[in-house]
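Everything below concerns the one structure shown next.
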Amino acid sequence: MKEEIVLKSYLEYLEVELNYSKETITNYNKDIVKYLEFLKKNNINYLNINKDNVISYLKYLDNLNYQNSSVSRNLSSIRSFYNYLVEIKLLENNIFKRVRSPKKIKKLPNYLSTLEIEELLDSIKEEKCDDIRNKTLIELIYATGLRVSEVSNLEIKNIDFTNNSIRVMGKGSKERIVYFGKRSSDYLTKYLKVRNTYLKGSDNDYLFLNKKGFRLSRQSIEGIIYKVVQASSVNHKMSPHTLRHTYATHLLDNGADLRSVQELLGHENLDTTEIYTHVSNERLRSVYLKCHPNKKRK
């Protein structure tokens, strides 16, 4: 069967059966197309792969100066594709199951201090409806650790003001509950009072809307946060994900256990959450080096 037809079928499977996001499907498609083009260029049948072919492809990625994380993502995409080939009986075994991904270099996530969060929120003066919306948006991401895509798709019906909780549909259609405090509740109440100015005469179930009455896209949310940071006194390079990192770091710094943070963030593996313990350890080390009288003794 032609690889183009199989790839199209696989992408439909990701969308319909696994309910993957458009962004994830786009990334999978990009990785697999690159791989199939490499095979075609080297006259290799995608259904007749051997160990040497795999090694050649990894060398090819290395020559393109791919970082370990990018190589891992490529392998993950291809491995998933070959799992599908086995499932639809085009292959008996998935050779990529035996291929180890290169060890990822863990980078400490970027995060803000409590003071910087306050400075960021205080910089929004609430003079216009957009100000109230933007302040609520930033506070809610910091208070809940939601991903940008989750905030973009958040509907009013998902918010439970009685229990100060939000029902979230995360990656892979996995549902979880996150919680927010009184300040977030106050901001949400204030925003909902002015939200009608965005509706333009038509109903919209999404919480955060743009001036045309449509939900704020991921790109729009990123743009809003960028502008707020630029206009504030916070001298910190950040993105919406920085607020999620800050949420997790502050929880751990204040005594939350790792398993609870994993659940709240919607991480499938605890390894993903453990990066935040390194952040906290680095902070403790810097406090020690700054404050302990023995720090310079040999």
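Quick test for you: out of Leu188, Leu112, Leu120, pick the one residue that is within 24 Å of the chain's Cα centre (by Cα), buried (at least 17 other Cβ atoms within 10 Å of the Cβ) and at pLDDT 95 or above.
Of the residues listed, the single one that is within 24 Å of the chain's Cα centre (by Cα), buried (at least 17 other Cβ atoms within 10 Å of the Cβ) and at pLDDT 95 or above is Leu188.
Out of the stretch 162-185, which residues are surrounded by 12 or more Cβ atoms within 10 Å (Cβ to Cβ) and over 30 Å from Glu15 (Cα atoms)?
Asn164, Phe180, Arg183, Ser184, Ser185
Out of Arg79, Arg100, report the one residue that is assigned to a helix (DSSP H, G or I) and among the basic types (Lys, Arg). Show your work before the answer.
Numbers: Arg100 fails: assigned to a helix (DSSP H, G or I).
Of the residues listed, the single one that is assigned to a helix (DSSP H, G or I) and among the basic types (Lys, Arg) is Arg79.
Within the bounds of the stretch 128-146, is there any residue that is touching a residue at least 40 places away in the same chain (Cβ under 8 Å), within 30 Å of Leu14 (Cβ to Cβ) and assigned to a loop (DSSP other than H, G, I, E, B)?
Among the residues of the stretch 128-146, at least one is touching a residue at least 40 places away in the same chain (Cβ under 8 Å), within 30 Å of Leu14 (Cβ to Cβ) and assigned to a loop (DSSP other than H, G, I, E, B), which makes the answer yes.
Table: residues versus (1) touching a helix residue (DSSP H, G or I) at 6+ places or on another chain (Cβ under 7 Å); (2) more than 25 Å from Gln262 (Cα to Cα).
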{"position": "Lys171", "(1), (2)": "no, no"}
{"position": "Glu175", "(1), (2)": "no, no"}
{"position": "Arg183", "(1), (2)": "yes, no"}
{"position": "Lys212", "(1), (2)": "no, yes"}
{"position": "Ile221", "(1), (2)": "yes, no"}
{"position": "Lys227", "(1), (2)": "no, yes"}
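Here is a yes/no grid of residues against (1) touching a residue at least 24 places away in the same chain (Cβ under 8 Å); (2) in a loop (DSSP other than H, G, I, E, B); (3) touching a strand residue (DSSP E or B) at 6+ places or on another chain (Cβ under 7 Å):
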{"residue": "Ser9", "(1), (2), (3)": "yes, no, no"}
{"residue": "Tyr13", "(1), (2), (3)": "yes, no, no"}
{"residue": "Asn19", "(1), (2), (3)": "yes, yes, no"}
{"residue": "Thr26", "(1), (2), (3)": "no, no, no"}
{"residue": "Asn43", "(1), (2), (3)": "no, yes, no"}
{"residue": "Tyr46", "(1), (2), (3)": "yes, yes, no"}
{"residue": "Lys59", "(1), (2), (3)": "no, no, no"}
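Could you identify the single residue in Ile132, Ile159 that is touching a strand residue (DSSP E or B) at 6+ places or on another chain (Cβ under 6 Å) and at pLDDT 95 or above?
Exactly one of Ile132, Ile159 is touching a strand residue (DSSP E or B) at 6+ places or on another chain (Cβ under 6 Å) and at pLDDT 95 or above, namely Ile159.
Residues checked against (1) exposed (fewer than 14 other Cβ atoms within 10 Å of the Cβ); (2) of a type in the set (D, E, K, R); (3) within 20 Å of Ser173 (Cα to Cα); (4) outside the structural domain of Glu175 (by TED's automatic domain parsing):
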| residue | (1), (2), (3), (4) |
| --- | --- |
| Ser9 | yes, no, no, yes |
| Lys40 | yes, yes, no, yes |
| Asn48 | yes, no, no, yes |
| Asp62 | yes, yes, no, yes |
| Leu90 | yes, no, no, yes |
| Asn94 | no, no, no, yes |
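Name every residue in the stretch 221-238 that is free of Cβ contacts under 8 Å to residues at least 40 places away in the same chain and either small (Gly, Ala, Ser) or not assigned by TED's automatic domain parsing to the domain that holds Ile141 (or both), in order of residue number. Please lay out each step first, then the result.
Looking only at the stretch 221-238, we keep the residues that are free of Cβ contacts under 8 Å to residues at least 40 places away in the same chain, and these are 223, 226-227, 230, 235.
The one that is free of Cβ contacts under 8 Å to residues at least 40 places away in the same chain and either small (Gly, Ala, Ser) or not assigned by TED's automatic domain parsing to the domain that holds Ile141 (or both): Gly223.
If you scan the stretch 224-241, which residues turn out to be modelled with pLDDT of 90 or more and under 16 Å from the mean Cα position of the chain (by Cα)?
Result: Ile225, single match.
Quick one: would you say Asn93 is among the polar types (S, T, N, Q), more than 30 Å from Asp253 (Cβ to Cβ) and assigned to a loop (DSSP other than H, G, I, E, B)?
Yes; evaluated as a whole, the condition is true for this residue.
Would a scan of the stretch 66-73 turn up a residue that is part of a loop (DSSP other than H, G, I, E, B), farther than 30 Å from Pro240 by Cα and either of a type outside the set (S, T, N, Q) or in the same structural domain as Val151 (by TED's automatic domain parsing) (or both)?
no
The values are calculated or read from the model by the stated rules, or taken from the named source; none is laboratory data. Being a predicted model, the structure only gives us computed values, none of them experimental. Heads up, the Cβs are rebuilt from the backbone with ideal geometry, glycines too, and the neighbour counts pull from every protein chain shown.
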